[in-house]
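> Here's a structure for you.
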């Protein structure tokens, strides 16, 4: 029997996973697949799944995905703004935690809608940055936004995360009335994670140290930049906030959009 903490059980993640278990599709595409982790979640949860394809522009991440999930999926380097697939190709098209990495997310959403079959589903998972979240969540969000500043200095497009309303407004481009929106304080993948109990404690020292080490690693990338001194001060302030408030992942919106 799966024993879950009260926090995880009431997070909203259960509802997401139960809904995914009702979906099936022979051809599934994951956009901005990174290390392929979201494909792993879909394989665990979808009622029936046959063929997975993951696309990304980051060759380093694609190699990680191929190593971990190459037996169940095919991975390709491809621009999501202009995909090389015919119209109406896939039963399900997903994008997870990537909208804020896209310079033109509306173009990608349009492409996703183009390549999904009629009656097929788009799956959008995205963290949000509303100030209604806990101090631990906001500390984590600010650390994430610090990483976005570093990436931007290095020439990689990475903006701060959207608010819930900004994400919902973005969905209007899909022109579908069949839209299901789940709000969760935990990712659905947390239900399958061996460290799920550890993550429920925002003051867990291991989790805080991981976040602080990420700050240091990001800062090291710009050690010779003129902005380093100012950003070092910002990182030190963020480190103190993390130690004071702890760390918990920001809440997410999980959206299912069906193509009419």
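> Hey, could you check the range 93-104 for residues that are touching a strand residue (DSSP E or B) at 6+ places or on another chain (Cβ under 9 Å) and not in a loop (DSSP other than H, G, I, E, B) and say which is surrounded by the fewest Cβ atoms within 10 Å (Cβ to Cβ)? Spell out how you get there, then give the answer.
Of the range 93-104, the ones touching a strand residue (DSSP E or B) at 6+ places or on another chain (Cβ under 9 Å) are 93-100, 102.
So of that shortlist, the ones also not in a loop (DSSP other than H, G, I, E, B) come out as 93-96, 99-100.
Values: 93: 31, 94: 26, 95: 25, 96: 25, 99: 24, 100: 21.
Taking the candidates together, the pick is 100.
> Can you find, within the range 25-64, the residue that is surrounded by the fewest Cβ atoms within 10 Å (Cβ to Cβ) among those that are assigned to a strand (DSSP E or B) and at pLDDT below 95? Working first, answer last.
First pass over the range 25-64, keeping only residues assigned to a strand (DSSP E or B): 25-31, 48-56.
From what's left, at pLDDT below 95: 25-26, 48-51.
Values: 25: 22, 26: 12, 48: 9, 49: 21, 50: 12, 51: 14.
Of everything passing the filter in the range 25-64, 48 is surrounded by the fewest Cβ atoms within 10 Å (Cβ to Cβ).
> From the residues in the range 113-161 that are closer than 30 Å to residue 27 by Cα and touching a helix residue (DSSP H, G or I) at 6+ places or on another chain (Cβ under 6 Å), which one is surrounded by the most Cβ atoms within 10 Å (Cβ to Cβ)? Lay out the reasoning, then the answer.
Going through the range 113-161, the residues closer than 30 Å to residue 27 by Cα turn out to be 113-128, 157-158, 161.
Now narrow it down to the ones that are touching a helix residue (DSSP H, G or I) at 6+ places or on another chain (Cβ under 6 Å): 113, 122, 126, 128, 158, 161.
Values: 113: 18, 122: 25, 126: 22, 128: 21, 158: 18, 161: 20.
Checked the range 113-161; the qualifying residue surrounded by the most Cβ atoms within 10 Å (Cβ to Cβ) is 122.
> Against the definition (more than 23 Å from residue 254 (Cα to Cα), out of contact with any helix residue (DSSP H, G or I) (no Cβ under 8 Å at 6 or more places or on another chain) and surrounded by fewer than 20 Cβ atoms within 10 Å (Cβ to Cβ)), how does residue 67 come out, yes or no?
On the way: more than 23 Å from residue 254 (Cα to Cα): yes; out of contact with any helix residue (DSSP H, G or I) (no Cβ under 8 Å at 6 or more places or on another chain): yes; surrounded by fewer than 20 Cβ atoms within 10 Å (Cβ to Cβ): yes.
Yes: the conditions hold for residue 67.
Here is a yes/no grid of residues against (1) part of a strand (DSSP E or B); (2) within 16 Å of the chain's Cα centre (by Cα); (3) touching a residue at least 60 places away in the same chain (Cβ under 8 Å):
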residue	(1), (2), (3)
118	yes, no, yes
124	yes, yes, yes
138	no, no, yes
157	no, yes, no
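> Tell me, please, whether a residue that is farther than 25 Å from residue 154 by Cα and in contact (Cβ under 8 Å) with a residue 40 or more places away in the chain can be found in the range 50-59.
Of the range 50-59, the ones farther than 25 Å from residue 154 by Cα are 50-54.
Going one step further and asking which of them are in contact (Cβ under 8 Å) with a residue 40 or more places away in the chain, we end up with none.
No, there is no match, as no residue in the range 50-59 is farther than 25 Å from residue 154 by Cα and in contact (Cβ under 8 Å) with a residue 40 or more places away in the chain.
> Identify the single condition in (1) under 16 Å from the mean Cα position of the chain (by Cα); (2) more than 26 Å from residue 87 (Cα to Cα) that residue 10 does not satisfy, given that it satisfies every other one.
Checking residue 10 against (1) under 16 Å from the mean Cα position of the chain (by Cα); (2) more than 26 Å from residue 87 (Cα to Cα), the one that fails is (1).
> Just the residues that are exposed (fewer than 13 other Cβ atoms within 10 Å of the Cβ) and assigned to a loop (DSSP other than H, G, I, E, B), please, taken from the range 163-198.
175, 177, 178, 194, 195
> Pull out all pairs, ordered by first then second residue, where Cβ-Cβ is under 7 Å, the residues are six or more apart or on different chains, the first lies in the range 191-205 and is modelled with pLDDT of 80 or more, and the second is assigned to a loop (DSSP other than H, G, I, E, B) and surrounded by 17 or more Cβ atoms within 10 Å (Cβ to Cβ).
Here the result reads 202/246; 202/247; 202/248; 203/246, each pair linking the range 191-205 to a residue that is assigned to a loop (DSSP other than H, G, I, E, B) and surrounded by 17 or more Cβ atoms within 10 Å (Cβ to Cβ).
Yes/no per residue for (1) part of a loop (DSSP other than H, G, I, E, B); (2) in contact (Cβ under 8 Å) with a residue 40 or more places away in the chain; (3) within 24 Å of the chain's Cα centre (by Cα); (4) farther than 14 Å from residue 144 by Cα:
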{"site": "208", "(1), (2), (3), (4)": "no, no, yes, no"}
{"site": "211", "(1), (2), (3), (4)": "no, yes, yes, no"}
{"site": "214", "(1), (2), (3), (4)": "no, yes, yes, no"}
{"site": "218", "(1), (2), (3), (4)": "no, yes, yes, no"}
{"site": "223", "(1), (2), (3), (4)": "yes, no, no, yes"}
{"site": "226", "(1), (2), (3), (4)": "yes, no, no, yes"}
{"site": "231", "(1), (2), (3), (4)": "no, yes, no, no"}
{"site": "240", "(1), (2), (3), (4)": "no, no, no, yes"}
{"site": "248", "(1), (2), (3), (4)": "yes, yes, yes, no"}
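The values are calculated or read from the model by the stated rules, or taken from the named source; none is laboratory data. Nothing here was measured: the structure is a model prediction, and the numbers come from that model. No Cβ is skipped: glycine too gets one built from the backbone with ideal geometry, and neighbour counts run over all protein chains shown.
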